[in-house]
Amino acid sequence: MSFFEMHDSEGGIRACYAEVKRWIDETGTAGLHRRLEEAEAIFRRIGITFAVYGEGGDPERLIPFDLLPRIFSRLEWQRLDQGIRQRAQALNAFLYDVYHRGEILRAGLIPQDLVYQNEAFRPEMIGFDPPGRVYSHIVGIDIVRTGPDTFEVLEDNCRTPSGVSYMLENREIMTRMFPELFHRGRVVPVDNYPAQLLRTLKEVAPPACTGDPVVVLLTPGSLNSAYYEHSFLADLMGIELVEPVDLFVEDGRVWKKTTAGPKVVDVIYRRIDDDYLDPLAFRPDSLLGVPGLFHAYRSGGVTLCSAPGAGIADDKAIYVYVPEMIRFYLGEEPILANIPTWQCGTKEGLAYVLEHLSELVAKEVHGSGGYGMLIGPKSTKAQIAAYADRIRANPSGFIAQPTLDLSTVPTLGATDVVQRHADFRPYCLVGKRMRLVPGGLTRVALTEGSLVVNSSQGGGVKDTWVLRD
Amino acid sequence: MLSRTADNLFWMARYLERAECTARLLTMGQRMAVLPGSAYRDEWRSVLRVTGCEGFLQHEGPVTEADVVGILLLDPENPASIQSCLVRARANGRSVRTKLTQEMWEALNESWRHFEGCAVADALRELPVHLDWVKTRASVFRGTMETGMMRHAGHDFARIGGALERAQMTLRLLDVKYYVLLPETDVVGGGRDHYQWTSVLHALSGIRAYHHVYGGVHTPAQIVDFLMVNRTFPRSVAFCVDQMRTHLVRLAKEHGTRSACNETADELFALLKAGRNGVFIERGLHESVQHCLLLTNRLANEIADSYHF
């Protein structure tokens, strides 16, 4: 029986949910459905959409929104906050280490091949010190809850985690539609995230920067699935949203082409993959990208956020070692646990996984977005057999984890409040100091019993509250 | 402001204006084609000629209404067709979404698929309705821009793009008239010639305004005066030049420097001022129109140069 976050062990209402439960009862499900329609109309008008790759159909689809907030008490958040910061710090320390002396590899805690042979490892970054020694400036950590006191990390996102626009928009809609819920000021605000992000980005200005750093957001363009988020964040930070064609490199600096001539750029919050940043340094066949950008970066003319090569830290094969990183670099015990993971690349791992595949969740090491995974208990024998063949063909490309008993959160059903599985992604900002907005994105599986919360697979989102007390 | 943003806004407005202007051109073609003896004059060909689209013709011999509607309204391959203009206006707008208001975006977004897969025969049957629809969409867009858009450089670029396109189309309409001009010996202002001249006014929605200015008399000199140098009629060349000058001056102030485009706009202004009272007809209407077109093209290039498009 999954842990239902609204109830305590005796089936009573937990204190942090008391007020919302009262509100649900007073409004009634019919009333809530009416309000939901209003909310959706607002979302559609603003144009918050999330395109899904490889699914066809409407590329500007609306992501389903659930009205009932997911609530963390102050104490719960305190622990999450510490655990998230700890992890973000260790991940950045690991990145610095693997691009320098590689102490953790020499100590034999992580196999060298796993790092140096990894596609996400960028040899071009070796020996370079990014400003503030920060590689991943926005760390998105996917967390699941399996009991009243157990929070576990599902995966890390060190490159360019998306979804933060939903955190902001969901709260905006909720405060606009239900001001009465926020009157007493118990819900900690999240709307300073854009300001904090901008401050973080300015803190890592390159050595060549004099004066107030000029920050831009680099998007692949309006056809990208997260274009809405890019334009949204650029708007809220008051910075320019640029495409690769708007930039060029000269005299070791990056310039944006404006109507008043070239203007220098100091910090680039890039939402483009490493491969497409600079055809001279990475993929030469890329039509995207700014030639010379990487050289300007390495010579201190501009800062790229996140740093190229930051992806080595959120690789699914490296994930297993994050608790080791925390012990090694910080001398602390991990506050947030990892989920036990079997690596098919090892002999024992492979044997165990193949034998227990029907009980496990198996994933591709380089997959994301819930694609290419197998949920053993929900699959047919034929599907499992086919997946086992794929694993045998390329064992090191797969990992497997036990099927988790994810907690459920109250969700608006057709006639009643129902329980649905959810996860949680907070966004930790790392500059000269660390910043963490109390909240994040809660994704919820809208189908009964489903464990897949990805928006590309029919998941929805809801507002996430952290209570003051 | 990013040069690409300025470029996108400039062309977004231009393409939308071009869609409307082409609709007006087709309206004029229709009026002229129903005049007696039009079959001998091949008037539809002149419509294609002024838009530079004669190359899209698939056959020899006289040009039909169906040919022109296919090429100028529906052909997605022809960059000058109304369909292409609507698609391009939207594409330009989409890549600068953050610089548009929600209403402007909706106005663009609702138009672009209207003529997709429409057959020539269907379009012909209800041509005036379709052409009116195009004009309405352009009006809605301009309205949303007028009442909602911030008055920063982006607004200037969009306005300049629209005004430039409109000035060019008025010039082109006058040139159609040139191509079908009757022999010099014909009595000016009477018969067929009269209808041709007034159809130019009709196409530009200027017939009533013209009457208010000049009374009921139609003389070519006065019509040319009205369409080129009158500074109160919004589709006249002079009005559009005034508008461009105003916005170019704003841009020059904002960027702290005047550039070649400001000089060219002034040159156009002076040229039109000196062209009152039939001067353009005396000098040869076609030559004068061509000269103005040349200057507006130069202006467009200079704007792109000055602001690094």
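Here are the numbers for this structure:
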read-out: Long-range Cα-Cα pairs in segment A:340-402 (distance over 19 Å), rounded percent; value: 16 percent
read-out: Cα-projected label distance for B:T198 with B:T246, points at 7 Å along beta-carbon direction, nm; value: 3.3 nm
read-out: Cβ crowding within 10 Å averaged over residues, with A:445-453, A:393-401 ranked highest first; value: A:393-401, A:445-453
read-out: Derived scalar couplings ³J(HN,Hα) [segment A:203-219; Karplus, 6.51 cos²θ - 1.76 cosθ + 1.60; whole Hz; x for Gly, Pro]; value: 5, 9, 4, x, x, 6, 6, 10, x, 5, x, 8, 10, 10, 10, 9, 10
read-out: C-alpha center-to-center spacing [segment B:120-147, segment B:75-114] in angstrom; value: 13 Å
read-out: Listed residue pairs exceeding 23 Å between alpha carbons, taken from A:K363/A:K432; A:K202/A:K256; A:K21/A:K462; A:K257/A:K432; B:K99/B:K253; A:K263/A:K432; value: A:K363/A:K432; A:K257/A:K432; A:K263/A:K432
read-out: At R0 = 51 Å, FRET efficiency that the Cβ-Cβ distance of B:N109 and A:E348 yields, to 0.05; value: 0.35
read-out: Centroid-to-centroid separation of segment A:108-167 and segment B:221-245 [C-alpha atoms, Å]; value: 63 Å
read-out: FRET efficiency, A:A385 to B:H211 (Cβ-Cβ, R0 56 Å, nearest 0.05); value: 0.10
read-out: Inter-site label distance for B:A121 and A:A393 at 7 Å from Cα along Cβ, in nm; value: 5.1 nm
read-out: Student exercise, segment B:3-306 dipole from Lys, Arg, Asp, Glu Cβ charges, in Debye to nearest 20; value: 900 debye
read-out: Net lengthening on full extension, B:R298/B:H152 (0.36 nm per residue, minus Cα-Cα); value: 50.1 nm
read-out: Cα-based Rg of chain B normalised by 2.2 N^0.38 Å, two decimals; value: 0.99
read-out: Theoretical gain in end-to-end length, A:T150 to A:L330 [0.36 nm per residue, Cα-Cα removed]; value: 62.6 nm
read-out: Size of charge dipole - chain A - debye, nearest 20, with Cβ of Lys, Arg +1 and Asp, Glu -1, no other charges; value: 580 debye
read-out: Measure of compaction for the protein assembly as shown (Cα Rg per 2.2 N^0.38 Å); value: 1.17
read-out: Cβ-based charge dipole, chain A, positive-most Cα from A:V144, A:L406, A:L247; value: A:L247
read-out: Percentage relative contact order, segment A:207-301, counting C-alpha pairs under 8 Å, at least six apart; value: 31 percent
read-out: Per-pair calculated FRET efficiency, R0 = 35 Å: A:A15 and A:T415 via Cβ, rounded to 0.05; value: 0.80
read-out: Segment A:340-402, relative contact order [Cα under 8 Å, separation at least 6], %; value: 50 percent
read-out: Gain upon complete extension [A:R199, A:K263; 0.36 nm per residue less C-alpha separation]; value: 21.0 nm
read-out: Whichever lysines have a C-alpha closer than 23 Å to that of B:K273, once near sequence neighbours (fewer than 8 apart) are set aside; value: B:K177
read-out: Nitroxide proxy distance, nm - points 7 Å out along Cα→Cβ at B:T98 and A:F128; value: 2.4 nm
read-out: Chain B: relative contact order as a whole-number percent, Cα under 8 Å and 6+ apart; value: 22 percent
read-out: Accessible surface buried once B binds A (1.4 Å probe; total of both sides; Å²); value: 1500 Å²
read-out: Descending semi-axes in Å of segment A:207-301, equivalent ellipsoid built from Cα gyration tensor; value: 19, 18, 11
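The values are calculated or read from the model by the stated rules, or taken from the named source; none is laboratory data. These figures come from a predicted structure and were not determined experimentally. Heads up, the Cβs are rebuilt from the backbone with ideal geometry, glycines too, and the neighbour counts pull from every protein chain shown. For the accessible areas, the whole protein counts, side chains as well, though only heavy atoms, and no ligand, DNA or RNA atoms are used. Shrake-Rupley method; radii C 1.70, N 1.55, O 1.52, S 1.80 Å.
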